[in-house]
Amino acid sequence: GGIITQTPKFLIGQEGQKLTLKCQQNFNHDTMYWYRQDSGKGLRLIYYSITENDLQKGDLSEGYDASREKKSSFSLTVTSAQKNEMAVFLCASSILGVSYEQYFGPGTRLTVL
Amino acid sequence: GDSVTQTEGLVTVTEGLPVKLNCTYQTTYLTIAFFWYVQYLNEAPQVLLKSSTDNKRTEHQGFHATLHKSSSSFHLQKSSAQLSDSALYYCALSDRGAEGADRLTFGKGTQLIIQP
C-alpha cells in the first residue's frame, strides 16, 4: 500500500498572495494530478504530470503553476489568490499506462480573506 | 470533450430503503473506464466501483452498477441503505491521452444522506 500526503491541511491567504501547496506520494506512481473541488461543481483538473519535470495543463490551469520536482512530489502554486476564494485542492496519483485508478490525498482547504 | 451528468445534487433516503444515483455521460472513443468514487466527510475520494465492460454488473460494498453504452449510463444502486452510506458520490470516466496518462472527468457529485 501507499499514502498521499498533502501540506498544509488548511491554508489561509490574502488577496493577491502567491500560495504553494505540496503533495507527496510513496506509491512510486508515475503520474500525479492536482484537482480543485468546489461544492456543486465536482472535481476539475488543474495540472498533471506523467513523470519528473513533465507538466500538462488541465481544464482549469489559468491562475496556477505547478512543479514536479521529483517522482514522489508535485507542487501547485496559486499565482494570485482571489478574494473570498474557498476551495479544496486534491492531489492524486496513478500508474502510467497500466491502471485507470487514481488514488487521492486528503486535500488542502484554501480560504482567501 | 467528455462530460458526466449527475442529475441530483442531493438525495435523501430512509435507512433500509433502496438507493439509486443517476449518472449519464458523453464521451469520445478514447474512454477506457467508468467509476463511482465515494468521499466520506473529511476524507479523500476513493474508488467504490469501476467498470469498462458493457452490460456487466459490478458490485462492491453492497452497491452495484452496470455500464450501459447503449444509453450512456452508469447508475449506482443499493437495495438497502445504511446510515454509513451517507457521503458524497462522484461518477467519473477515464480517458487515456496520447502521452499515456489517464485523465478523469467527474460529474458534479451527489450528496447522499441516509436518515433513520
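The values are calculated or read from the model by the stated rules, or taken from the named source; none is laboratory data. All values reported here derive from a predicted model rather than from experimental measurement. Ideal geometry is used to build each Cβ from the backbone, glycine not excepted, and the neighbour counts take in all protein chains shown. All accessible areas refer to the heavy atoms of the entire protein, side chains included, with ligands and DNA or RNA removed. Shrake-Rupley method; radii C 1.70, N 1.55, O 1.52, S 1.80 Å.
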Cα extents of region B:1-52 along the three principal axes, largest first (Å):
39, 23, 18
Sum up the charges of everything whose Cβ sits under 10 Å from the Cβ of A:V88, counting Lys and Arg as +1 and Asp and Glu as -1, but leave A:V88 out.
+1
At each listed q (0.13 Å⁻¹), what is the log10 of I(q)/I(0) that the Debye formula gives for region B:1-94 modelled as equal alpha-carbon point scatterers?
-0.42
Just to confirm a number: summing +1 for Lys and Arg and -1 for Asp and Glu over residues other than B:K78 whose beta-carbon lies under 12 angstrom from that of B:K78, what do you get?
-2
Calculate the dipole size of region B:1-115 relative to its Cα centre from +1 charges on Lys and Arg beta carbons and -1 charges on Asp and Glu beta carbons; express the result in debye to the nearest 20.
220 debye
For every other residue with a beta carbon closer than 13 angstrom to the beta carbon of B:Q26, add +1 if it is Lys or Arg and -1 if Asp or Glu, then tell me the sum.
-1
10 Å Cβ neighbours from other chains, averaged over peptide B:34-42:
2
I'd like to compare A:81-88, A:20-27, B:91-98: which one has the highest average count of other Cβ atoms within 10 Å, and what's the full order after that?
B:91-98, A:20-27, A:81-88
For the interface of chains B and A, what total accessible area is buried with a 1.4 Å probe, rounded to the nearest 100 Å²?
1900 Å²
Positive dipole terminus of the protein assembly as shown, leading residue within A:Y35, A:L21, B:L112 (C-beta point charges):
B:L112
One computes Rg over Rh for the protein assembly as shown from alpha-carbon atoms, with the Kirkwood Rh, and obtains 0.97
Arranged from highest to lowest average of other beta-carbon atoms within 10 Å per residue, in what order do the peptides B:34-44, B:11-21 appear?
B:34-44, B:11-21
The protein assembly as shown - charge dipole about Cα centre, Lys and Arg +1 at Cβ, Asp and Glu -1, debye rounded to 20:
140 debye
Taking max minus min of the Cα coordinates of region B:51-116 on each principal axis, largest first, gives extents in Å of 48, 23, 20
Where does the Debye-calculated log10 I(q)/I(0) of region A:14-112 sit at q = 0.13, 0.15, 0.20 Å⁻¹, using only Cα point scatterers of equal weight, no solvent?
-0.41, -0.55, -0.96
For region A:14-112, give the magnitude of the charge dipole about the Cα centre (Cβ charges: +1 Lys/Arg, -1 Asp/Glu; no others), in debye to the nearest 20.
200 debye
